[in-house]
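Participant: Starting off with a structure, shown below.
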Amino acid sequence: MEAHADQRHGPGQRIETTLLCLLLLGIVVVATLQIVLRNFFSYSLFWADELIRLAVLWLAMVGGVAASRDGRHISLGVVERYFPRSWHRPAAVTATLFAALVTAALAWQGYRFVADSFAFGDTVLDAWPAWVFQAIIPVGFAIMSYRFALQALALVRRRRE
Amino acid sequence: MSLVVLLLLVVVLLLGAPIFSAIGASALFGFAGQDTNLSIVAIEFYGLAETPILLAIPLFTFAGFLLGEGGAPGRLVRLSQAALGALPGGLAMVSLVACAIFTAFTGASGVTIIALGAVLFPALTAAGYSERFSLGLITSSGSLGLLFAPSLPLILYGIVAEVSIDDLFRAGIGPGILMILALSLYCYWKNRRPSASEPFSVAKLKAAIVDARYELPLPPLVLGGIYSGYFAVSEAAAVTAVYVLVSEFVLRREIPLGALPRIVRESMVLVGGIFVILGLSLASTSYMISMEVPQRLFEWVSPYLATETFFLVALLVFLLIVGAILDIFSATVLVVPLIVPVALEYNVDPVHLGIVFLAAMELGYMTPPVGMNLFMSSLRFNKGIGEVCLATLPFLIVLFLCVLLITFLPQLSLFLVP
C-alpha cells in the first residue's frame with residue numbers, strides 16, 4: 001500500500017518524527033546511564049527499567065502511526081506484483097478499508113482497557129497513574145485508523161488515468 | 001474462529017492489507033467466538049511494555065541504519081578486500097563475509113543489498129565475474145549473517161519462544177559459518193581462474209585498517225561483551241547505539257546532524273511495524289493457546305510422524321513454504337508459538353529449532369513469490385524478477401543443502417551452547 005503523497009508532510013509528520021527522536025534518544029540516554037551507574041557505582045535507578053519499557057511501548061505505537069502515514073507497514077502485496085493493473089486500485093481500497101476497520105476496533109478495545117485501568121487506579125513508576133502511559137494504545141490505533149480511512153478515501157477519489 | 005473468517009483474512013492479506021491488521025482481526029474474531037471480553041486484546045498488547053529485552057530491537061536497528069547511512073559499508077568492503085582479495089575467488093568471498101557481518105548488525109531489513117550491493121556489484125563485474133554470478137551472489141548474501149549475533153530475527157525468536165538469547169547467539173555461530181564456507185567453496189569452484197584476484201599488499205591492508213579504525217572495535221566490543229556474559233543483550237544494544245552515534249557524529253562527522261531525524265524515523269517505522277505485529281500476535285497466540293491449538297496440532301500430526309526425523313522433515317517442508325510466503329518477522333510471531341510445544345513433544349531442543357527455523361526463513365528471502373531479496377536486487381540492479389531468480393538458483397541450492405545439514409545435525413548448533 002502506498003500512502004497518498006500529500007499526507008507525507010505537514011505538522012503531524014513533524015510531531016511523529018520529533019516524538020520518535022525524543023523517545024529513542026531518551027531510551028539511549030537512560031539505558032546508558034543505568035549501565036554506567038551499575039558498573040562503576042554499583043547503583044541503579046529503580047525507575048529506569050520500567051520507564052524504558054513504557055518508552056518502548058510508545059516507540060512501537062508512534063512508529064506504527066508513522067508507518068501508516070508512510071505506507072510502510074509490512075504486507076504481502078501479492079496483487080501489486082502479480083495481477084493486472086486494473087486490479088490494483090480495488091484491491092488497495094479493500095485492503096485499506098479493512099485496516100481502517102480493524103484499527104478502529106483495536107482503538108475501542110484499547111480505550112476499554114485504559115478505562116478499566118483508570119477505574120482500578122493502576123499505577124506505574126511507583127505512584128504515576130498507569131492510564132496516562134497506556135493511553136497511547138487507543139490513541140495510536142485511532143490515529144492509524146484515521147490514516148487508513150483517509151488513504152482509502154484518496155484511493156477512491158483518484159481518477160483512473 | 002470459523003473457516004469463513006480465516007479465508008476472509010487470507011484474501012485481505014493477498015489484497016495487500018497490513019499483516020498486523022489481519023492478526024488483530026483474527027484475535028478479535030477468535031475471542032469474540034469465546035464470549036471473552038475483547039479488551040483482552042489490548043491487555044495482551046500491553047505485554048509489549050512488560051518485555052524488558054524488547055529494548056534491544058530499536059537500539060540495534062537504529063545503530064544499523066546509522067552505519068548503513070555513512071561510509072561504513074564501503075570501508076567494510078575495502079577492508080575485507082585487502083584481507084581476502086588475494087585468494088582465488090577472493091572477491092566473491094569478500095562479498096560473502098562483508099554481507100554477513102553487515103546483515104548481523106543491521107538485522108534482516110534488506111539494507112544489506114542496498115548498502116553493500118552498490119559497492120560490490122560493480123567491483124565483482126569489473127573483476128571479471130559474470131553479471132549473472134554477481135547478481136546471484138549479492139542476492140543470496142543479502143540475508144547471510146542472519147544467524148550471527150546480534151541479528152534482529154535471532155532476538156525476536158528468543159523473545160517469542162522464550163529461549164535464552166545468549167544461547168541462540170552461541171548456537172548460530174556454527175551453522176552461520178557453515179553457510180559462508182559452503183557458498184565460498186561454490187564461488188571458488190565456479191571461478192578457479194587465479195587471474196580474478198589481486199596480489200596481497202600489506203600496505204593496502206594497513207591503510208584499510210586505519211580507514212576503518214572507528215568501526216573495527218565495534219564487533220569485538222559487542223560480541224565479546226555478549227559472549228563473555230559481561231553485557232546483557234539489551235546493554236550491548238545500548239552500548240552499540242551510543243558507540244555508533246559518537247563515531248558517526250562526533251569522530252567522523254560524515255553524516256550531517258540534520259539527517260538524524262530522518263534516520264530515526266526510517267528505522268523506527270520498521271521497528272514500529274514489527275512491534276505492532278508482535279503486540280497483536282501476543283493476543284492471537286493467547287487465543288490459540290486457550291484453544292489448545294498446539295496440542296491439537298501435535299495430536300493431528302503424531303500418527304503420521306512417528307519419529308523425530310519424520311517430524312523434522314515435515315517441519316522443514318512446512319517452514320520452507322511459510323518462508324516463501326511470509327516475511328521473517330510475521331512468520332516468527334505467528335508460527336513459533338505453535339511449533340515450539342510440538343517440537344518439545346518430539347524432544348527437539350528449542351534452541352536448535354530456532355536455528356532451523358531461521359535458516360529455513362533465510363531461504364525464504366530468495367524464493368518467489370515474496371522473497372524480499374529478489375525484489376531488492378531487482379529494484380537495485382534494474383533486472384527482471386525472473387532473471388534474478390535464475391541467477392540466485394545455484395546459491396539457493398547450496399544454502400538448501402546447508403539447511404538440511406543444520407536440521408539433521410543438531411550438534412552443529414548445540415556444540416557451543418552450555
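Participant: Filter region A:70-81 for residues that are more than 7 Å from chain B (Cβ to nearest Cβ) and over 24 Å from the mean Cα position of the chain (by Cα) and give the result.
Facilitator: If we filter region A:70-81 for residues that are more than 7 Å from chain B (Cβ to nearest Cβ), which is where we start, we get A:71, A:81.
Residue satisfying the conditions is A:Arg81 alone.
Participant: Right, another one. So, in region B:367-418, how many residues would count as being closer than 25 Å to B:Ile173 by Cα, assigned to a loop (DSSP other than H, G, I, E, B) and not hydrophobic (A, V, I, L, M, F, W, C)?
Facilitator: From region B:367-418, those closer than 25 Å to B:Ile173 by Cα are B:367, B:371-373, B:392-418; that's our starting set.
Still in the list and also assigned to a loop (DSSP other than H, G, I, E, B): B:367, B:371, B:409, B:415-418.
Next, only the ones that are not hydrophobic (A, V, I, L, M, F, W, C) stay: B:367, B:371, B:418.
Final tally of qualifying residues: 3.
Participant: Another one. From the list B:Val342, B:Val293, B:Val271, pick out the single residue that is β-branched (Val, Ile, Thr) and within 22 Å of the chain's Cα centre (by Cα).
Facilitator: The conditions single out B:Val271.
Participant: In region A:82-102, what residues are under 15 Å from A:Phe141 (Cβ atoms), out of contact with any strand residue (DSSP E or B) (no Cβ under 8 Å at 6 or more places or on another chain) and within 7 Å of another protein chain (Cβ to nearest Cβ)?
Facilitator: A:Phe98, A:Val102
Participant: Right, next: Yes or no: region B:243-254 includes at least one residue that is within 12 Å of chain A (Cβ to nearest Cβ), crowded, with 20+ Cβ neighbours inside 10 Å and out of contact with any Cys (no Cβ under 8 Å at 6 or more places or on another chain).
Facilitator: Yes: one or more hits.
Per-residue answers, yes or no, for (1) facing chain A (nearest Cβ under 7 Å); (2) over 24 Å from A:Arg72 (Cβ atoms); (3) in contact (Cβ under 8 Å) with a residue 60 or more places away in the chain:
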| residue | (1), (2), (3) |
| --- | --- |
| B:Ala22 | no, no, no |
| B:Ala25 | yes, no, no |
| B:Leu38 | yes, yes, no |
| B:Phe65 | no, no, yes |
| B:Ala83 | no, yes, yes |
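Participant: Just one of the numbered conditions (1) at the interface with chain B (Cβ under 9 Å from one of its Cβ atoms); (2) part of a helix (DSSP H, G or I); (3) within 18 Å of B:Leu13 (Cα to Cα) is not true of A:Gln151; which one?
Facilitator: (1)
Participant: Given region B:61-130, what helices (runs of 4 or more DSSP H) lie entirely inside it while holding 2 or more residues that are within 15 Å of B:Asn373 (Cβ to Cβ) and modelled with pLDDT of 85 or more?
Facilitator: Numbers: elements: B:72-84, B:90-106, B:111-126.
Of the helices (runs of 4 or more DSSP H) lying wholly inside region B:61-130, those with at least 2 residues that are within 15 Å of B:Asn373 (Cβ to Cβ) and modelled with pLDDT of 85 or more span B:90-106, B:111-126.
Participant: Now a separate question. Quick one: A:Gln134 ticks every box in (1) within 26 Å of B:Pro18 (Cα to Cα); (2) more than 9 Å from chain B (Cβ to nearest Cβ); (3) modelled with pLDDT of 90 or more except a single one, so which number is it?
Facilitator: Condition (2) is where A:Gln134 drops out.
Participant: On the basis of being more than 9 Å from chain B (Cβ to nearest Cβ), surrounded by fewer than 22 Cβ atoms within 10 Å (Cβ to Cβ), more than 22 Å from the chain's Cα centre (by Cα) and not polar (S, T, N, Q), does A:Ala119 make the cut?
Facilitator: yes
Participant: Against the conditions (1) crowded, with 18+ Cβ neighbours inside 10 Å; (2) charged (D, E, K, R); (3) more than 14 Å from every other protein chain (Cβ to nearest Cβ); (4) part of a helix (DSSP H, G or I), where does B:Lys206 fall short? Just the number, please.
Facilitator: The number of the failed condition is (1).
Participant: If you don't mind, there's one more thing I want to ask. Against the conditions (1) among the β-branched types (Val, Ile, Thr); (2) away from chain A (no Cβ under 12 Å); (3) within 29 Å of A:Ala92 (Cα to Cα), where does B:Val77 fall short? Just the number, please.
Facilitator: (3)
Participant: So which residues in region B:107-137 are of a type in the set (A, V, I, L, M) and over 22 Å from B:Leu185 (Cα atoms), if there are any at all?
Facilitator: Of the residues in region B:107-137, the ones of a type in the set (A, V, I, L, M) are B:108, B:111, B:113-116, B:118-120, B:123-124, B:126-127, B:135, B:137.
B:Ala108, B:Val111, B:Ile114, B:Ala115, B:Ala118, B:Val119 - these are the residues of region B:107-137 that are of a type in the set (A, V, I, L, M) and over 22 Å from B:Leu185 (Cα atoms).
Participant: Of everything in region A:130-161, what is under 19 Å from A:Val102 (Cα atoms), of a type outside the set (A, V, I, L, M) and out of contact with any Ser or Thr (no Cβ under 8 Å at 6 or more places or on another chain)? Give them in sequence order.
Facilitator: Listed by number, the residues that qualify are A:Pro138, A:Gly140, A:Tyr146.
Participant: Going by the structure shown, is B:Pro52 facing chain A (nearest Cβ under 7 Å) and modelled with pLDDT under 90?
Facilitator: yes
Participant: Contact list please: Cβ distance under 6 Å, first residue in region B:266-290 and within 12 Å of chain A (Cβ to nearest Cβ), second residue at pLDDT below 95 and outside any helix (DSSP H, G or I), pairs at least six apart or on different chains.
Facilitator: Here the result reads B:Val269/A:Arg72; B:Leu270/B:Ser109; B:Gly273/A:His73; B:Gly273/A:Ile74, each pair linking region B:266-290 to a residue that is at pLDDT below 95 and outside any helix (DSSP H, G or I).
Participant: Continuing with this model, one more query. Out of B:Ser197, B:Ser201, which single residue is surrounded by fewer than 14 Cβ atoms within 10 Å (Cβ to Cβ) and at pLDDT below 85?
Facilitator: On the way: B:Ser197 fails: surrounded by fewer than 14 Cβ atoms within 10 Å (Cβ to Cβ).
Going through B:Ser197, B:Ser201 in turn, the sole match is B:Ser201.
Participant: Let me ask another. Give me the helices (runs of 4 or more DSSP H) completely within region A:22-121, filtered to those with at least 3 residues that are farther than 28 Å from B:Pro369 by Cα, ordered by residue number.
Facilitator: Numbers: elements: A:48-70, A:78-82, A:85-120.
Result: A:48-70, A:85-120.
Participant: Quick check on my filter: what residues within region A:17-53 are more than 7 Å from chain B (Cβ to nearest Cβ), in contact (Cβ under 8 Å) with a residue 40 or more places away in the chain and either within 18 Å of A:Gly64 (Cα to Cα) or of a type in the set (Lys, Arg) (or both)?
Facilitator: A:Leu19
Participant: Ok, one more. For residues in region B:255-265 being within 13 Å of chain A (Cβ to nearest Cβ) and free of Cβ contacts under 8 Å to residues at least 24 places away in the same chain, which is surrounded by the fewest Cβ atoms within 10 Å (Cβ to Cβ)? If you could, list the steps in order and put the result at the bottom.
Facilitator: Taking region B:255-265 as the starting set, the residues that turn out to be within 13 Å of chain A (Cβ to nearest Cβ) are B:257-265.
Keeping just the survivors that are free of Cβ contacts under 8 Å to residues at least 24 places away in the same chain gives B:257-258, B:260-262, B:265.
Details: B:Leu257: 9, B:Gly258: 7, B:Leu260: 19, B:Pro261: 14, B:Arg262: 12, B:Arg265: 23.
Once the filter is applied, the top-ranked residue is B:Gly258.
Participant: Show the residue pairs meeting these rules: Cβ distance below 9 Å; 6+ apart or different chains; first residue within region B:296-318 and under 15 Å from B:Val403 (Cβ atoms); second residue exposed (fewer than 12 other Cβ atoms within 10 Å of the Cβ).
Facilitator: Filtered contacts from region B:296-318: B:Ala314/B:Tyr304.
Participant: While we're here: Do we find a residue being within 30 Å of B:Ala22 (Cα to Cα) and of a type in the set (D, E, K, R) anywhere in region B:347-363?
Facilitator: Filtering region B:347-363 for residues within 30 Å of B:Ala22 (Cα to Cα) gives B:350-363.
Next, only the ones that are of a type in the set (D, E, K, R) stay: B:362.
For region B:347-363, residues within 30 Å of B:Ala22 (Cα to Cα) and of a type in the set (D, E, K, R): present.
The values are calculated or read from the model by the stated rules, or taken from the named source; none is laboratory data. None of the values given here were measured: they were computed from a predicted structure. Counting neighbours? That spans all protein chains shown, and the Cβs are built from the backbone with ideal geometry, glycine included.
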